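Everything on this sheet refers to the single structure shown next.
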Amino acid sequence: MPIPPPPPSRAEYIWFDGDFVPWEAAQVHVLSHVLHYGSSVFEGIRCYRTPGGPAVFRLREHVLRLLFSAKVARMDLPFGEDALFDACLNSVRRNGFESCYLRPIVFRGAGSMGVLPVDNPIHVAVAAWDWGAYLGKEAIEQGVDVMVSSWRKMPPGTLPALIKMGGAYAMATLAKLEATRLGFSEAILLDFEGRVAEGTGENLFAVLDGKLMTPNLGHSILGGITRRSVMQLARDHGIEVSEEPLTRDMLYMVQEIFFTGTAAEVTPVRSVDGLAVGKGKPGPITRKLQADFFDIVNGRVADRHEWLTCVPAATRATPA
Ligand code: PPE
């Protein structure tokens, strides 16, 4: 058998408005509406290497959230649910990835200038690349040191937090730059009333006396798909889960904290504002949920919730 080539670190092709184009060719004009006004909605999806081949985690849910984001942003998509689903699977297959990160994005392109999009086309792309541990190599094992940001999440009635809108990440970038400048791996953002919301690109969980807690959707958070999955895993293990308000001082009191997200997966937090969380290393509930999550996505145990979609193998009959 010939030795297969090493997997690429970034894709050769990007799906752009319905066709695969070479990576370098997936470009936009500087007067694109999205560049000036942040008018995009996007997704982040992981495809994992399993014994049965590459498998995408909760693909249907991610496509549905993209469509929800586009609806709220009042962007009419020229592609439907099934076309987007297939574009994601084909992006993995066409590029020969065993595992990768997928980034579908819908954005307003070049047309008239000004806030009001008049004749700006809606573009849709799916890019893929190899993305290792989001918060650093040791983060998953040892946990990360984080700070409470001086920036706040947008209040209700401003930018909708429940959709993944490009413009919202301008503030996330400020918070992330502040945190890294001060030597932290990540920032925790409070909502406008000072309650805990989430990380710049992750949801947050805390464990107090055996109970798993996470802010509810009313606290300017994204309804994370990993968040929902981890809540399900906790219930599977008989761990009590509650969605409730958390304050900054509760972060200093709880025994365990971890982040969840597509990019961050399940990452323990070992200190907040320089104060150790619990014993300053990942606690037992974090470990248990983390292990279960990675066992499922890597295909080491049965996919009991049917979260994985296998990527059909490429054959000669596969259209280019
Ligand atoms: N909150 C925010 C603000 C967020 O951006 C993400 C994902 C989550 C929560 C977790 O949601 P989910 O992926 O459905 O579990 N952040 C994406 C982008 C990260 C980036 O730096 O880009 C991601 O993890 O893909």
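The values are calculated or read from the model by the stated rules, or taken from the named source; none is laboratory data. Computed from a predicted structure; not experimentally measured. Cβ atoms come from the backbone with ideal geometry, glycine included; neighbour counts cover every protein chain shown. When the accessible area is computed, the model is the full protein with side chains, heavy atoms only, and any ligands, DNA or RNA have been set aside. Shrake-Rupley method; radii C 1.70, N 1.55, O 1.52, S 1.80 Å.
Of note:
- Residue in the stretch 206-227 that is touching a Pro at 6+ places or on another chain (Cβ under 6 Å), open to solvent by less than 20 Å² (accessible area, probe 1.4 Å) and either among the small types (Gly, Ala, Ser) or assigned to a loop (DSSP other than H, G, I, E, B) (or both) present: yes
- The single residue among Phe85, Phe20, Phe79, Phe68 that is in a strand (DSSP E or B), outside the structural domain of Ala161 (by TED's automatic domain parsing) and not charged (D, E, K, R) turns out to be Phe20.
- Matching residues in the stretch 147-159 - criterion: being farther than 13 Å from Arg195 by Cα and open to solvent by less than 50 Å² (accessible area, probe 1.4 Å): Met147
- From the options Glu198, Glu244, residue that is modelled with pLDDT of 95 or more, acidic (Asp, Glu) and near the ligand (Cβ under 9 Å from one of its atoms): Glu198
- Residue in the stretch 165-175 that is touching an Asp or Glu at 6+ places or on another chain (Cβ under 8 Å) and at negative phi present: no
- Condition check for Asp130: away from the ligand (no atom under 16 Å from the Cβ), of a type in the set (Asp, Glu) and within 22 Å of Pro312 (Cβ to Cβ): no
- Exactly one residue among Gln255, Gln232 is more than 16 Å from the ligand (Cβ to nearest atom) and open to solvent by 50 Å² or more (accessible area, probe 1.4 Å), and that residue is Gln255.
- Set side by side, the residues Glu98, Glu61 differ, and just one is over 28 Å from Phe184 (Cβ atoms), within 16 Å of the ligand (Cβ to nearest atom), in contact (Cβ under 8 Å) with a residue 40 or more places away in the chain and surrounded by fewer than 20 Cβ atoms within 10 Å (Cβ to Cβ), which is Glu61.
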